[in-house]
Structure formats: C-alpha cells, structure tokens
Amino acid sequence: MYTRKRRRPVSEINVVPYIDVMLVLLIIFMVTAPLISQGVKVDLPKASAQPIEQEDTPPLIASVDVRGDYFLNVGEEQEQSLAGDELAALVQAQLKKNPETPVVVKGDGKVEYDKVIQLMVLLQGAGVPSVGLMTDPVEPE
C-alpha cells in the first residue's frame, strides 16, 4: 500500500526584497548627502548662553563693526581695521602656533547678517575648525 508522507510547511522569510530596498535607499542617501551639507559650519550651543570656560589659551576674537570692517584682537594695532585676506593670514599664523586656540566672532548688533557670514567664511577658509558667537548677557528686568 502506498503511504503518503506529510510535508512540513516552510517557515522561512524571503529577505531578498528587503536587501534590495535597503541598497536602493543607501545609494539615494549617499548621492543626496553631499548636496544637503552646504553653508558655514558653526557649533551652536545646546542650552541657553553660558559663559565660555576659560582655558589656558585666550580666544581669538574676530570682530565686525556696523560698517563691515574686520578687526582681530592680536598684534599691536588692534584698533586698526583689516582686510579679509590680512585677517585670514593672522588667524592662520595664530593657529599654526597653537591649533587649540578657540576662535570667537563678535558682531555689532546692527551689522548686516551677510557681513557676519562673510567673516565666518573667511575664518573657515583660514582653517578654523569651529567658531563661537559672542553675545552680551541679557539684563534681568
């Protein structure tokens, strides 16, 4: 007599379609990621403005006034305005001496936003890894 064997149901999940979808998503993200990251890199604070912890090295303070003139707190003539290339050269020289020197941007409250961004681009071109923004504390009422 002929006996029939029972077949067990196959309980496997076919993961090939999931792998295909993941590879397509990986390619999409790899292509679009460089297009998204444009602009000036600035490390923003995670909480309300707190004073910068004073390290052994005093920070370089790059300033821009209402007229858009640049200043740097290095050298003998700190009150003398600098051209963009002069400022970048001075910052590069200071960073070669001590790469751990923090750099802070100080802008007048009435200066155009574009002037502050141009200063930050100059600093980025000079090799500054991150820039802090200097503010005045808010006085309690």
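Give the stretch 94-109 a look and list any residue that's among the charged types (D, E, K, R) and either free of Cβ contacts under 8 Å to residues at least 40 places away in the same chain or touching a Gly at 6+ places or on another chain (Cβ under 8 Å) (or both), or say none. Break it down into steps so the answer makes sense when it comes.
Applying the first criterion (among the charged types (D, E, K, R)) to the stretch 94-109 yields 96-97, 100, 106, 108.
Matches in the stretch 94-109: LYS96, LYS97.
Scanning the stretch 64-89 for residues that are loosely packed, with under 14 Cβ neighbours inside 10 Å and either in a strand (DSSP E or B) or aliphatic (A, V, I, L, M) (or both), we see that the one that is modelled with the highest pLDDT is ALA89. In the stretch 1-46, the qualifying residues are those that are assigned to a loop (DSSP other than H, G, I, E, B) and among the polar types (S, T, N, Q), and the one that is modelled with the lowest pLDDT is GLN38. Within the bounds of the stretch 55-62, is there any residue that is exposed (fewer than 10 other Cβ atoms within 10 Å of the Cβ), out of contact with any Cys (no Cβ under 9 Å at 6 or more places or on another chain) and at pLDDT 60 or above? Checking the stretch 55-62: at least one residue is exposed (fewer than 10 other Cβ atoms within 10 Å of the Cβ), out of contact with any Cys (no Cβ under 9 Å at 6 or more places or on another chain) and at pLDDT 60 or above.
The values are calculated or read from the model by the stated rules, or taken from the named source; none is laboratory data. What you are looking at is a predicted structure, and each value in this text was computed from that prediction instead of being measured. Glycine gets a Cβ as well: all are built from the backbone with ideal geometry, and neighbour counts include every protein chain shown.
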